[in-house]
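Comments concern the structure below.
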Amino acid sequence: MELAYYSDYAVRLVNTEEPARGKDALTSVEAVRDLFGTNKEAARRATDADVTRFRSVRARLRAVFEAADGGDETLSVNLLNSLLLEFPVSPQISGHNFRDEDGRPLWHMHLADHPSNATAGYAAIAAMGLAFHLTEYGVDRLGLCEAPPCRNAYLDTSTNRSRRYCSDRCATRANVAAYRARKRLEADRSERTGLAAESAQRASASGER
């Protein structure tokens, strides 16, 4: 099953909002349709009403990531289970017209979205994809970027569970900020040391007189 692809549905939706910056890219039906990527058929079902519904699902998915990032595994799982119950999926075997070298279909499991409305279909796929990722790799693989004020969601697929940032850009920005902070601290310490030495010299000179 295309676990990475399906779980990315959740990440894409959560990251349409940057709460700390007061930014929200999910403001139109076109923005909703863009989230479906190459799934044009599902995207065409989106209407203006889905903008509000997508925002509601987004808040619930972010809560899953926030609980996981805060170390509350049980809460993260419970929140995700509530989404799975509300937005069930229909698994199907699909070949997507792809063939192997012998001309046989490349069968694989596919999560069919719900035709009732765009939000139900997207939420079902996002929740199930996230659930597969969580159970396969662990709750601690769901994270929020540590580079303030970003806080974008990400899925940690590193071999040593070391990922802390949503992108290379944020990682670089955080490293530069940390480097500058260290330099400022070193400069402050050097200045205090110099002032202390100067004060000691003055005291010594005064005592000799």
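For the stretch 49-74, filtered to residues that are of a type in the set (Lys, Arg) and open to solvent by less than 60 Å² (accessible area, probe 1.4 Å), the residue that is farthest from ALA31 (Cα to Cα) is ARG62. Among the residues of the stretch 1-48, those that are small (Gly, Ala, Ser), in contact (Cβ under 8 Å) with a residue 60 or more places away in the chain and either farther than 30 Å from LEU106 by Cα or open to solvent by less than 20 Å² (accessible area, probe 1.4 Å) (or both) comprise SER7, ALA10, ALA20, ALA42, ALA43, ALA46.
Each row is one residue, and each column tells you yes or no for (1) closer than 30 Å to ILE93 by Cβ; (2) of a type in the set (S, T, N, Q).
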| site | (1), (2) |
| --- | --- |
| ALA10 | yes, no |
| SER28 | no, yes |
| PHE54 | yes, no |
| GLU66 | no, no |
| GLY71 | no, no |
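Consider the stretch 128-139 and keep the residues that are small (Gly, Ala, Ser) and part of a helix (DSSP H, G or I). The one that is farthest from LYS40 (Cα to Cα) is ALA131. Considering ALA68, ALA43, the condition of being within 18 Å of the chain's Cα centre (by Cα) and of a type in the set (Gly, Ala, Ser) is satisfied by ALA68 alone. Do the conditions hold for ARG151, that is, is it among the charged types (D, E, K, R) and free of Cβ contacts under 8 Å to residues at least 24 places away in the same chain? So ARG151 does not fit the description; no.
Note on the stretch 75-94: residues that are over 22 Å from ASN15 (Cβ atoms) and open to solvent by 60 Å² or more (accessible area, probe 1.4 Å) total 7. For ARG202, are the conditions met, namely being open to solvent by 90 Å² or more (accessible area, probe 1.4 Å), farther than 25 Å from PRO19 by Cβ, modelled with pLDDT of 70 or more and out of contact with any His (no Cβ under 8 Å at 6 or more places or on another chain)? So ARG202 fails the test.
With a requirement of 1 or more residues that are in contact with an Asp or Glu (Cβ under 7 Å, 6 or more places away or on another chain), the helices (runs of 4 or more DSSP H) lying completely within the stretch 15-127 that satisfy it span 29-34, 40-43, 49-69. In the stretch 140-170, the qualifying residues are those that are outside any loop (DSSP other than H, G, I, E, B) and open to solvent by 70 Å² or more (accessible area, probe 1.4 Å), and the one that is nearest to VAL57 (Cα to Cα) is ASP140.
The values are calculated or read from the model by the stated rules, or taken from the named source; none is laboratory data. The structure displayed is predicted, hence computed values, not measured ones. In this analysis, Cβ positions are derived from the backbone assuming ideal geometry, glycine residues included, and neighbour counts consider all displayed protein chains. Calculation scope for accessible area: heavy atoms of the full protein, side chains included, ligands and nucleic acids excluded. Shrake-Rupley method; radii C 1.70, N 1.55, O 1.52, S 1.80 Å.
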